[in-house]
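What follows is a set of notes on a single structure, which appears directly below.
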Amino acid sequence: MPLANTAEEAKKLVPEVEAQETKLRFSKFDTEVAWKVGNTIREKFLNNPAWKDKGIVIHISTFTGHNIFTAAVGKQNATNPGNWVWIEGKKNVVKRFNHSSFFVGRNLVSAGKVPEDVLPFPEFAAHGGAFPVWIKDAPIAPIGTIIVSGLQQDEDHQIIVDSLEEILPNL
């Protein structure tokens with residue numbers, strides 16, 4: 001999925017990201033499911049040769065504060081405490097808007113705005129990499145987030161989407 005830096009590119013991308021959020025919902029979500037999601041993301045990262053010199057942090061939690069899965073993966077020293085600043089900012093975007101951080105950021109770009117001008121960093125990070133955990137038939141609000149930090153924002157988003165597309169049909 002391209003980054004979509006211009007308003008015109010972002011306008012085309014926003015509906016696609018919204019469709020992902022609508023489609024990629026859980027029939028159930030517990031510690032076993034979170035473990036499977038986290039490990040699938042980890043394996044996809046480790047098996048991509050383009051990322052051999054990179055690192056990511058994977059974080060899955062509920063909005064009640066239950067941290068279910070956390071891992072730093074990849075090349076030593078490729079992740080650092082700064083990744084946690086991004087994780088918290090991305091999580092706050094999902095909590096506030098009930099959409100992925102990539103959707104919110106690209107939606108702002110599509111309106112000709114700079115995400116950081118609208119949502120102050122580090123409290124908010126409207127960059128790809130936080131995806132809402134929605135339960136099917138529970139449309140009020142997501143219950144948590146799946147977050148990746150360390151790649152380009154479109155890659156942070158896409159590795160989550162690819163993992164969910166693989167896992168969800170088998171739940």
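Each reported figure results from applying straightforward, stated rules to the coordinates on display, with no laboratory input. None of the values given here were measured: they were computed from a predicted structure. As a convention, Cβ positions derive from the backbone with ideal geometry for all residues, glycine included, and neighbour counts pool all protein chains shown.
Annotated for the chain: lysine pairs at least 8 residues apart or interchain, Cα distance under 14 Å, count 9. Expressed as a whole percent, the proportion of Cα-Cα pairs in the range 1-97 lying more than 19 Å apart is 58%.
Note that the range 140-146 has calculated 3J(HN,Hα) couplings of 5, 6, x, 9, x, 9, 10 Hz, one per residue in order, obtained from phi through the Karplus relation 6.51 cos²θ - 1.76 cosθ + 1.60 (θ = phi - 60°); glycine and proline are x. What the phi angles of the range 94-103 give under the Karplus curve with 6.51, -1.76 and 1.60, with θ = phi - 60°, is a coupling list of 5, 4, 7, 10, 6, 9, 4, 5, 5, 4 Hz, glycine and proline written as x.
Rg ratio for the range 59-101: its Cα radius of gyration over 2.2 N^0.38 Å, N being its residue count, equals 1.27. Only DSSP H runs of four or more residues enter the estimate; each adds -39500 (n - 2.57), and after division by the residues of the chain the mean residue ellipticity at 222 nm equals -14500 deg cm²/dmol.
Between Glu166 and Ala50, the contour length at 0.36 nm per residue exceeds the alpha carbon distance by 39.7 nm.
This model, with +1 at the C-beta of Lys and Arg and -1 at the C-beta of Asp and Glu, gives the range 7-170 a dipole about its Cα centre of some 200 debye. For the range 123-171, relative contact order (Cα pairs under 8 Å, six or more residues apart, normalised by length) works out to 35 percent. Across the range 77-87, rounded Karplus estimates of 3J(HN,Hα) from the backbone phi angles (6.51 cos²θ - 1.76 cosθ + 1.60, θ = phi - 60°) give 6, 7, 10, 7, x, x, 4, 6, 5, 5, 4 Hz, Gly and Pro being marked x.
Amide H contacts for Ile68 (H built 1.01 Å from N in the peptide plane; partners 5 or more residues away or on another chain; cut-off under 5 Å): Ile60, Ser61, Thr62.
Rounded to the nearest 20 debye, the dipole magnitude of the range 1-66 is 180 debye, with +1 charges on Lys and Arg beta carbons, -1 on Asp and Glu beta carbons, and the Cα centre as origin. Across the range 44-115, the relative contact order, built from alpha-carbon pairs under 8 Å that are at least six residues apart, equals 21 percent. Close amide H partners of Ile146, meaning residues 5 or more places away or on another chain with modelled amide H under 5 Å apart, are Phe131, Val133. Quotient of the Cα radius of gyration of the chain and 2.2 N^0.38 Å, N being its number of residues: 0.96.
Maximal additional length on extending the Asp137-Val85 stretch stands at 15.5 nm, based on 0.36 nm per residue less the C-alpha distance. For the chain, averaging the sequence separation of C-alpha pairs within contact (under 8 Å, six or more residues apart) and dividing by the residue count gives a relative contact order of 30 percent.
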